[in-house]
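The values are calculated or read from the model by the stated rules, or taken from the named source; none is laboratory data. Remember, it's a predicted structure, so these values are computed and weren't measured experimentally. So basically every Cβ, Gly included, is an ideal-geometry build from the backbone, and we count neighbours across all protein chains shown. The accessibility values were calculated without ligands, DNA or RNA, using every heavy atom of the protein model including side chains. Shrake-Rupley method; radii C 1.70, N 1.55, O 1.52, S 1.80 Å.
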Amino acid sequence: MNDVVELVRPAERKVTRLSDLTASQQAAIRQIPAEKDAVTVPLSATRPNAIFTGADRYEAEQARVFQRFPVPVAPTALLAEPGSVVAIEAYGKPLLVSRTRNDEYRVFINACQHKGAKLVEDCAVHRQGRIVCPYHAWTYGIDGKLIGVARPDMFEAVDKAARGLKELPSRVWGGILYAQLNGGEADWSNLSPQVADDFGALGIPDAHVYGRRSFELKANWKVVLEPFLEGYHVQRLHAASIGTLFQDAPTIVDLFGVNIRQVSGRIGYVPAMLDEQPDGNIHKLVTHAYTAFPNVVLVTSQYYTSLMILMPRAVDRTTVHYYMLTPGPATTPKAAEVFERSFEMIIGVFGGEDFRAAEITQAGLSCGVPETTLYCGLESNIIRYYEALESLL
């Protein structure tokens with residue numbers, strides 16, 4: 001899934017003002033100190049090597065988190081129009097996500113009910129009303145119903161009502177489609193209403209997917225996640241790219257169960273800036289970073305928002321689906337240039353720096369070094385997240 005997608009639909013380019021945000025987001029932003037007034041607090045916390053390399057820990061996470069609770073599959077913005085369908089490889093399962101003409105989002109196992117063949121083999125978004133199995137041409141509606149069987153006279157009986165696609169319980173939350181992977185009754189209690197409201201205020205449900213890319217990483221999913229929970233690495237790992245844009249200071253943090261919201265000012269930020277241009281783009285001054293249960297990462301930027309879903313595949317393997325979201329399609333040559341340049345830059349930063357760091361870290365961890373990881377005050381959010389995650393294990 002390496003293509004840039006421009007699904008054109010009418011939309012006006014807009015910015016997010018401070019007043020567009022939720023009261024909770026505004027209150028958090030108002031707490032951000034000036035860069036010179038930021039206070040850092042040392043920390044000495046550790047976690048054992050086994051949380052990144054141990055089979056027992058990985059299996060516990062799978063059983064008690066990723067199979068027990070609904071997990072994110074894709075942003076709803078990926079299916080920009082009703083009557084769309086897309087195949088997604090998620091958590092080791094082939095899934096089929098559709099948006100019906102009745103504007104309902106559905107999640108199915110991407111497998112024909114005849115012999116299990118994948119119905120859709122690519123990762124492109126398709127506008128179509130039906131899906132035909134490439135093996136024996138059984139035909140389904142994008143609502144999952146079996147509507148046609150090739151050579152029905154060769155079967156003594158086919159109960160079409162009983163042979164619809166296998167559907168998983170699903171729900172839209174904050175512009176992200178979640179599904180219960182084991183097909184059982186879903187427990188939605190870990191999905192924070194506040195974070196869903198925040199995502200709505202940031203425009204995630206109505207965003208435009210400018211581009212997307214998938215990464216197959218040789219690293220534990222938590223090793224991939226850690227950089228997005230801390231600012232310690234930014235001025236160091238990203239010294240040649242974006243490091244100079246961000247303060248080397250703690251963020252304002254709010255926890256909503258197993259969901260973390262971080263807000264921070266950019267270099268040179270002072271609180272008075274918030275009221276100098278009340279109709280200005282708040283993303284010029286402030287960066288939001290969310291870790292939404294259990295494996296969604298959302299980071300705001302001036303012209304776009306990065307959304308990532310980190311999908312564990314094995315104790316040392318992770319699939320990352322990355323989406324660059326914009327308020328709408330590029331409507332001017334300048335906007336097209338900015339979006340293209342932004343996409344190339346962020347893929348280079350995440351792919352060439354953050355994800356590379358995850359893989360070289362996993363290489364050492366897999367050798368048992370270090371026996372325990374040590375976290376500092378600029379990494380305290382990692383410990384907060386692990387404490388919340390561990391409460392479910």
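What the table below lists for this structure:
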read-out: Integer Hz, Karplus 6.51/-1.76/1.60 couplings in order for the range 188-198, x for Gly and Pro; value: 8, 5, 7, 8, 6, x, 5, 5, 4, 5, 4
read-out: Linear extension gain, Ser189 paired with Ala23, 0.36 nm per residue minus alpha-carbon span; value: 57.5 nm
read-out: Highest to lowest packing among 295-302, 216-223, scored as the average C-beta count within 10 Å; value: 216-223, 295-302
read-out: Cβ-placed point charges (K, R +1; D, E -1), dipole of the chain about Cα centre in debye, nearest 20; value: 760 debye
read-out: Residue-normalised accessible area of the range 1-142, expressed per residue, 1.4 Å probe, Å²; value: 48 Å²
read-out: Partners for Lys93 among aspartates and glutamates (Cα-Cα distance below 18 Å; same-chain residues under 8 apart left out); value: Glu59, Glu61, Glu121, Asp122, Glu167, Glu216, Asp316
read-out: Proximal lysines relative to Lys284, as straight alpha-carbon distance under 28 Å, when same-chain residues fewer than 8 apart are discounted; value: Lys14, Lys36, Lys334
read-out: Long-range HN-HN contacts of Asn110 with modeled amide H, under 5 Å; value: Leu95, Leu96
read-out: Heavy atoms of Ile51 accessible to a 1.4 Å probe, total area in Å² rounded to 10; value: 10 Å²
read-out: Packing rank of 194-205, 33-44, 373-384, 237-248, where each peptide gets the mean count of other beta carbons within 10 Å, highest leading; value: 194-205, 373-384, 237-248, 33-44
read-out: Share of alpha-carbon pairs per 5 Å distance bin for the range 143-249, given as whole %; value: 2, 8, 9, 10, 15, 17, 11, 8, 7, 5, 3, 2, 2, 1, 0
read-out: Straight-distance crosslink candidates among lysines, where the alpha carbon sits under 21 Å from Lys160 and sequence neighbours closer than 8 are dropped; value: Lys115, Lys118, Lys145
read-out: Probe 1.4 Å - accessible area at Tyr322, Å² to nearest ten; value: 0 Å²
read-out: Where labels lie 7 Å past Cα in the beta-carbon direction, separation of Leu43 and Lys166 in nm; value: 4.0 nm
read-out: Separation between Cα centres of the range 204-264 and the range 309-339, rounded to whole Å; value: 13 Å
read-out: Among Gln62, Gln362, Gln128: highest mean-square fluctuation, GNM of the chain, C-alpha pairs under 10 Å; value: Gln128
read-out: Rounded accessible area of Glu390 (nearest 10 Å², 1.4 Å probe); value: 60 Å²
read-out: Net dipole in debye of the range 107-246 [+1 Lys, Arg Cβ; -1 Asp, Glu Cβ; about Cα centre; nearest 20]; value: 480 debye
read-out: Peptides 147-160, 269-282 ordered by average Cβ neighbours within 10 Å, highest first; value: 269-282, 147-160
read-out: Given charges at Cβ of Lys, Arg, Asp, Glu: the chain dipole, positive-most of Pro370, Leu307, Gln67; value: Gln67
read-out: Charge-dipole axis of the chain as Lys and Arg at +1 and Asp and Glu at -1 on Cβ define it, positive-most pick from Thr251, Ser170, Val15; value: Ser170
read-out: Disulfide-incompatible cysteines by the Cβ rule (no partner under 4.7 Å) in the chain; value: Cys123, Cys367, Cys376
